[in-house]
Structures are given as C-alpha cells and as structure tokens.
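This report concerns only the one structure given below.
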Amino acid sequence: MKRNHYRLETSNGWIGFLDTAEENAQTQSSDNLHLEESIDDDDAETITKSNNLNADRRTAEEIEDEREDVDVRKTKGETDDDDDEKVLCLNCCCCRLCPRISLLFIGILFPLWTLISISTLFGIGLSAMESPREVHLNDQFMASRTEILLYSSGAKNFTRRIPRICLAIFLEKSRQNNVEEITKLIQTLYFNDSSFVPPLMDVLNLTELVLINVTDLDEHMTACGVAADPVVERLLTTLLDAYHNLPGALTFNWIRCVNRTSEFVNVTNIRPDSQRKYYERIWETHQQDLYREYLVEELERVNRFPELNLTFDATARYRAFNRSIHDATGGTGCDNNIAASVWFWFTVMTTMGYGNQGPATWQGKGLIFSLGFISILMFGVILQRAGRVISALFDDVLSRFRLRVLTRPWFLCAVWGMIYFGYMTINAYYIKSWKLSRLGETFSLAEGYWFSFISFTTIGLGDIFIEPEVLIPVDMINLPFIYLVGFTFFAAFIENVVACFPKGKRLRLLDALIERIQKRNNSKH
C-alpha cells in the first residue's frame, strides 16, 4: 500500500508529518490537514530530521534565554542585597565580627539614649518657658500672705482695743476726772487685766473719784460693741478674701532657689523647706528695700500739702507698703531647675504622668502638645523594637548554650516574668534609698515596690512621685535609664505572654475575615 505523507498544521503552526494510507482519503478533508504533493519515504525522513533539529535548536535557545533571565534576576537581586547591605552598613567590621553586640547597641542602647537626649533637649526648653511664670506665682503668694498677716494683725489689735475705746468714750461722756487711772482700774476689775497694779489710795477717795452707774456702763459697752461690729466685719471680710485669693503655696518645680555664695551646695539645701525659707528671706529683704524707697516717694508727695500732713501720712505709708509687697520678688536668687524639667518631659514621653506638676503657660502647653506627642510616638516604636531585640538576644543565648528546651513559650514567659518583677524589687530599693538621702524621709519597701509598679506600667496614679525639688543633674541620666530598662523588660514580658497563648478558632476566624476583606479590596482595584 502506498503511503502518503501530509504536513500537519494547526492554528499554532506546523508540528510534523502525518502518515496515512490512500484509502483513508476522508482525513484529507479535515480542517487541520492540508494536502500537499506526495513525498516518498526518504525525503520525508530528511525533512523530519531537519525540522527536529530546528526544534532542538529553538528549544536550546529558549533554555539559554531563560538561564540568562535567571542570571540577570540573580545578579539584580545580589546587587539589591549589596545595596541594602551598604545602606544598612551590614558589611562593617562590628556587624560581621560582633553581630550580637551590634544588635544590642543598635536595637536597645542607642534608641534608649536617643530618648534620654530628647527628654534633655525639650526639658531645657520647657524649663525656660515655665520658670518665669513660677517665680511670678510665688511672688503673688508672698504678697497675698503678707496682706493676710497685715489684716489679721489689724483685726486682732482692733478687737483688743474695743473695750478700752468704749470705756474711754463713756468716761468722757460722764465727765469723770482721771480718766486714764479709772480706765485701767476698771480693766483690772472688769476684764481681769493682771498687768495693771492699781495705786494705793483711800477707798473713800476712790468712791468719791469714781461715780459710775453700773447699769449705764453696761448699756454703753453693749451699744459700743454693736457700733464696732461693721468695722470688725469689714476686717474679717477682707481677711477671708485675701485668704481665698492665696495662690496655693510656694513651688519649686521649674526653679531652684539655693544660696550660691557657698562653694559646695549640700543636698539638704535643695530640700523644699530649705528652698522655701531661702525664697522667703530674699523676698522679705527686697520688700523692705522697696518699702523704704516707695515711702520716700510718697512722703515727698505729702509734703506738697503741709496742712494735710496728718491725714496723708498714714495713707502714704499704706500706699508704700502695698506697692512694695506687689513689686517685691524672691526670684533673684533662683535658677532654672533643668533636672526637674527633664524628668517631667520623660514622664510625658513615657505617659507615666504622676500629676504633681504641669505647665502653667500656653507656650509650655503648646510645646507638649506638639513635640510631646511626637516623643510619645517615638517612645512607643522604640519600646516595641527594644522588647523584640532583647527577647531575641535571650533566645540566642539559650541556643548557644544548647538549651533549646528552655526556649519554650511557657518557660520564657516565666523567666521574663521573674526578670521583670525582680527588676521592680531592685528599683524599689533604689527609690527607698533615694528618698532617704534627698528628703531625709523614711520610705518603706512596700511603697517603693508600689511606686515601681505604677511607673513601669505607666499608670502613674500620683499618690507617690519623685519630688522635682531635689533632683540633681546626675538624675537626668540615672532615672530615665533605669526606667527605660524597666519598660524594655516589661515589653519583653508582654511579648512572651502573648506567645504563650496559641491562636484559637476565634483568632483564626478573625484572620480569615481580614484576609477576605483584603482580597475584596484588591479585586476592586
């Protein structure tokens, strides 16, 4: 049977020959077959070999192209990796030889020191804004307190003199002789004034001398007391108003008032009581100097009207005194309390916020509103990474010592819990000794542990706090670093606590729902 060879073509092109017999002529009419001239067997084999060779060459070229593409992608990836390493400085000597130390420095120490530097920088600026306002409030307190003392003394003296004044008026109305002696005698008998010793005189002469109706005297004293009530009420009202307007007490949150004449400043000199006494002494000295200066000015005005000297003399003294207490200041002996300001900014940045002090100016509030918010964000990011880094370093130490069995989540959770609560105990001892040395106060270990808890958890209830008055420059580094380490331990502890709880059905359901939402959003785009 003669066999014919047909070229087999499809819509994708030629793919070979199809051998068939003459009697199968119906296949020649197929849409996919195109009959050409008959070719004998030798020619067909030659054409087939040629086509196979071309196909092999084409396949080899495609494979070579794919290899080149892979090589290009690898080269590009290696180039990107090299670029990343250059940017991240992974090829430096320290990163290659000491990766763990580099991780400790880059992931923990350097970020923590960055936070301390930020607290120092912004704290200095905040102190410059708030210190003048605090000096002004302290001066107002001293002026108000002096007014209260003045009104209190005036009210006390006036009430003491009321009986004598009333008695003198009664005797003058009765036209009695020797009014002064009679007044003192009646005060001795009537008011039990033991300081007066009556003169030795004959009882008969005394009877002739004193002709007083006791009933009239009692009625007069009652009426005189009623007449004096408005004056006493006015004095008491003025005293109460001055007391209600008293602006708190002397504070030293942003300023430090210490005698700088001595070469060495003892810790006892910066305690609140010592600073308060020093401020009061400086203020009183300045007030007395101003009073003498203002009194000369007021008396010069009075001398212009000689006929009214008696009337204006008391007014001039009162005006000079009133001007002096409102213009006096004790801030000349004070400086900015930078250490307290730095610590305050640190409490804002870490969201501890004990509430014992706060900005009083809008400039300070604006600084906290803007830069304080940025500091809080930086603290959150750095704390999260620091917790991951220290947890990874701890796992690496266990792996190096072939303690992989100890890297189980429950064990790591227990270890970090002991580290965290143990560190709180260490800080409690530190705060106890700090309170004793700076304030001279006894501070129990339980209170120190409670303070450590509310600080490391950033609760900051405010029942216990670090007194800003006694902070010194070394505390600008010690306290922030101690508490940042505590925050890092707390973050590592929380991370391991979360790792102890496997994802349950509820968490898997949440992940599935989130993934479905993301797919729908991607399909829409």
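Overview of results
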item	result
Residue in segment 424-438 that is touching a helix residue (DSSP H, G or I) at 6+ places or on another chain (Cβ under 7 Å), among the hydroxyl-bearing types (S, T, Y) and either outside any helix (DSSP H, G or I) or under 21 Å from V348 (Cα atoms) (or both) present	no
Helices (runs of 4 or more DSSP H) wholly inside segment 287-399 that include at least 3 residues being surrounded by fewer than 12 Cβ atoms within 10 Å (Cβ to Cβ)	309-327
Residue that is nearest to T329 (Cα to Cα), among those in segment 240-255 that are in a loop (DSSP other than H, G, I, E, B) and modelled with pLDDT of 80 or more	L250
Residue in segment 435-450 that is touching a Gly at 6+ places or on another chain (Cβ under 9 Å), within 25 Å of T114 (Cα to Cα), outside the structural domain of T268 (by TED's automatic domain parsing) and of a type outside the set (V, I, T) present	no
Total residues in segment 361-382, condition closer than 14 Å to P111 by Cα and touching a residue at least 12 places away in the same chain (Cβ under 8 Å)	5
In segment 120-171, the residues that are modelled with pLDDT under 90 and among the acidic types (D, E)	E147
Any chance F489 is touching a helix residue (DSSP H, G or I) at 6+ places or on another chain (Cβ under 6 Å) and either crowded, with 17+ Cβ neighbours inside 10 Å or not assigned by TED's automatic domain parsing to the domain that holds V389 (or both)	yes
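Yes/no per residue for (1) surrounded by 12 or more Cβ atoms within 10 Å (Cβ to Cβ); (2) of a type in the set (S, T, N, Q):
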| position | (1), (2) |
| --- | --- |
| F401 | no, no |
| L406 | yes, no |
| W410 | no, no |
| A414 | yes, no |
| F421 | yes, no |
| N427 | yes, yes |
| E441 | no, no |
| L445 | yes, no |
| W450 | yes, no |
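The values are calculated or read from the model by the stated rules, or taken from the named source; none is laboratory data. A quick note: this is a predicted structure, and the numbers were derived from the prediction, not measured. Every residue, glycine as well, gets a Cβ built from its backbone with ideal geometry; the counts of neighbours run over all protein chains shown.
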